[in-house]
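A.B. asks: Here it is, the structure in full.
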Amino acid sequence: MQWALAGAFILGAGLLLASLQQNQPPPALPSGQNVRVLLSYRLNGGSFEGQYLFPGLELLPQGGRVQVLSGPNPENLRPIVTVFADKPLSFSLQNGGLVASSEGQVWALEAFVRLKPADPATPVQYRLLASPWPNLEPYPGELWLENRGSGLLVVNAVDFQDYLKRVLPSEMPASFHPEALKAQAVAARTYAYTRQQANTFWKQFGADVDDSVSEQAYNHTRTHPATDAAVDATRNQILTFQGTPIQSFFFSTSPGATASIEEVWPDRPAQPYLRGRPQAKPHAVSIQSEAEALAFFQNWNPQGFYDAASPFWRWKLRLSREELEALLSRTLPERARAAPPFVQTPEGPLSPDAPGFALGTLEQIRVLGRTSGGYVTELEIKTSTGRFVVRRESHIRSLLRPHKALTGGGDVALERWQGEPRLNFPTLPSAAFALQEERDAQGRLLGITFWGGGFGHGVGMSQYGALGLAQRGYDYRQILEHFYPGARLEALP
């Protein structure tokens, strides 16, 4: 979620929302600003190419005629053809070159292509006829294509309001309380605005963000009147701190507290508005020992917890020593290769990414560090061949993925405090957990039960927590103040 309109807006004093305190939402007009979204061909493609490169593209323009422009670079495009609405338009690679076709006609194209309304007064939407989200909403705005040789990159340049109306139902259920939806709309708008201003990874592909949960899920779920209303009611509102748009991170579910940004992501600086906070009342969540952590996560009484409507508010997972050995034999070397600074070998002849590494017999998994709200920040794995330390929540969650493809046995069940168990979950729901060992009479490890809570990284606004606060009578301004203390609600001009 990054945005760049450097110098385009001045967010000074006097932009406080006195003019936005009205009961009637503003009209659903275009925002006047676009965001560029890199579209996924498939989710979890295993690589950048697997996720984002389209082997071809077939779409149906709707609403008006489409002008196709092409050229050697985005700044040097010329008109190629104008296509009528409701006529299929296809793009394919032939001998390394890009061609377009419609109703039996074929046009040779250069490396870059832009699809825009032929009549600026008549908006066009593009229904992708083969996409990871079949039968969902068509894409508004413009499409930009780039021939990468082995496939096409597709970027959707879309008005801010239209973008958010496709983000909101993809990120939060439309059935949530209207005040929670408004809070999510402001957080999503702020996140996207800051990403647009930043020099993000996606800029090299002509985009500000992508459409996956790596940034904000976009157009994964149909638009809905309730989420549309939340976007319109908070039109142009963002959060700032000392005049600068904040990093408005959000996640699904807290176990009873959020976490400070520098605790979860130690390579990022602390921010006053991203501090860990209890998400329960009258409970005061302050975990000081592993015994307290285990008691906290074994408490499945939801009374007083803001996030308790989430099935992932509490969960548990049991893995045998053999399953853990099979799992760690795969994931520990993987994490060591992917993120060397976060995987250390205090004892042992070989680091996990070294040739010939063998995990050996698992002897212990131990928490070395955690936040006062329960999120594990440092985990030790002790085996017969060495001692290894893994840091950072994303690596800890990837290390302990509860999937049978990694554990080598039958289905792995993730039990939740509500709902059916989830089998072979793709990652550990959160890094908020405590360990309960099982050992035989000789002290040998038999298995470990992970008692956990929450879903997501834990930084910023908890979406189920926002729901819980809304149900307690908070309006969206109060919800945002709760999760981002010190941030101001301001309006873009």
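A.B. asks: Looking at A85, A108, A100, which one is open to solvent by 50 Å² or more (accessible area, probe 1.4 Å), of a type in the set (A, V, I, L, M, F, W, C) and in contact with a Leu (Cβ under 9 Å, 6 or more places away or on another chain)?
C.D. replies: The conditions single out A108.
A.B. asks: Test of understanding: among E393, E415, E490, which residue is of a type outside the set (G, A, S) and more than 30 Å from E363 (Cβ to Cβ)?
C.D. replies: E490
A.B. asks: Okay, moving on. What's the number of the only condition in (1) open to solvent by 60 Å² or more (accessible area, probe 1.4 Å); (2) over 30 Å from A354 (Cβ atoms) that A280 fails to meet?
C.D. replies: Against the list (1) open to solvent by 60 Å² or more (accessible area, probe 1.4 Å); (2) over 30 Å from A354 (Cβ atoms), A280 comes up short only on (1).
A.B. asks: Considering the stretch 260-275 alone, what residues qualify as being in a loop (DSSP other than H, G, I, E, B) and in contact with a Phe, Trp or Tyr (Cβ under 8 Å, 6 or more places away or on another chain)?
C.D. replies: Correct list: Q271, P272, Y273, L274.
A.B. asks: Go through (1) open to solvent by less than 60 Å² (accessible area, probe 1.4 Å); (2) closer than 18 Å to I396 by Cβ; (3) without any contact (Cβ under 8 Å) to a residue 60 or more places away in the chain one by one and return the number of the condition G304 breaks.
C.D. replies: Failing condition for G304: (2).
A.B. asks: Then there's this: When you check A198 against the structure, is it more than 15 Å from the chain's Cα centre (by Cα), more than 24 Å from Y464 (Cβ to Cβ) and among the aliphatic types (A, V, I, L, M), yes or no?
C.D. replies: Taking the combined requirement at face value, the residue satisfies it.
A.B. asks: Could you give me the residue pairs with C-beta distances under 9 Å whose first residue belongs to the stretch 334-351 and is farther than 20 Å from D267 by Cα and open to solvent by 60 Å² or more (accessible area, probe 1.4 Å), whose second residue is of a type in the set (V, I, T) and not in a loop (DSSP other than H, G, I, E, B) wherever it lies, and which are 6+ apart or on separate chains?
C.D. replies: P346/V389
A.B. asks: Can you confirm whether K316 is farther than 21 Å from L428 by Cβ and basic (K, R)?
C.D. replies: So K316 fails the test.
A.B. asks: Out of the residues in the stretch 32-64 meeting the condition of being closer than 29 Å to E103 by Cα and of a type in the set (D, E, K, R), tell me which one is surrounded by the most Cβ atoms within 10 Å (Cβ to Cβ).
C.D. replies: Selected residue: E58.
A.B. asks: Quick one: is L294 open to solvent by 10 Å² or more (accessible area, probe 1.4 Å), outside any loop (DSSP other than H, G, I, E, B) and touching a strand residue (DSSP E or B) at 6+ places or on another chain (Cβ under 8 Å)?
C.D. replies: Answer is yes for this residue.
A.B. asks: Got a sec? Which of A108, A130 is part of a strand (DSSP E or B) and either at pLDDT 95 or above or of a type in the set (A, V, I, L, M, F, W, C) (or both)?
C.D. replies: That would be A108, the only listed residue that is part of a strand (DSSP E or B) and either at pLDDT 95 or above or of a type in the set (A, V, I, L, M, F, W, C) (or both).
A.B. asks: Sort out which residues of the stretch 347-365 are of a type in the set (D, E, K, R) and in a loop (DSSP other than H, G, I, E, B), and write them in order of number.
C.D. replies: Once the filter is applied, which keeps residues that are of a type in the set (D, E, K, R) and in a loop (DSSP other than H, G, I, E, B), the stretch 347-365 yields only D353.
A.B. asks: Let me ask something else about it. Any chance the stretch 409-418 includes a residue that's of a type in the set (V, I, T) and touching a Phe, Trp or Tyr at 6+ places or on another chain (Cβ under 9 Å)?
C.D. replies: yes
A.B. asks: Still on this structure, please answer the following. Go through (1) assigned to a loop (DSSP other than H, G, I, E, B); (2) within 27 Å of the chain's Cα centre (by Cα) and name the single condition T377 misses.
C.D. replies: Looking at each condition in turn, T377 falls short on (1).
A.B. asks: Any residue at all in the stretch 65-77 that's touching a Gly at 6+ places or on another chain (Cβ under 9 Å), in contact (Cβ under 8 Å) with a residue 24 or more places away in the chain and open to solvent by 60 Å² or more (accessible area, probe 1.4 Å)?
C.D. replies: The answer is no, given that none of the residues of the stretch 65-77 is touching a Gly at 6+ places or on another chain (Cβ under 9 Å), in contact (Cβ under 8 Å) with a residue 24 or more places away in the chain and open to solvent by 60 Å² or more (accessible area, probe 1.4 Å).
The values are calculated or read from the model by the stated rules, or taken from the named source; none is laboratory data. Values in this document were obtained by computation on a predicted structure and should not be read as measured data. Note that each Cβ is placed from the backbone with ideal geometry, even for glycine, and that neighbours are counted across all protein chains shown. Quick note on the areas: whole protein, heavy atoms, side chains included, nothing else; ligands and nucleic acids left out. Shrake-Rupley method; radii C 1.70, N 1.55, O 1.52, S 1.80 Å.
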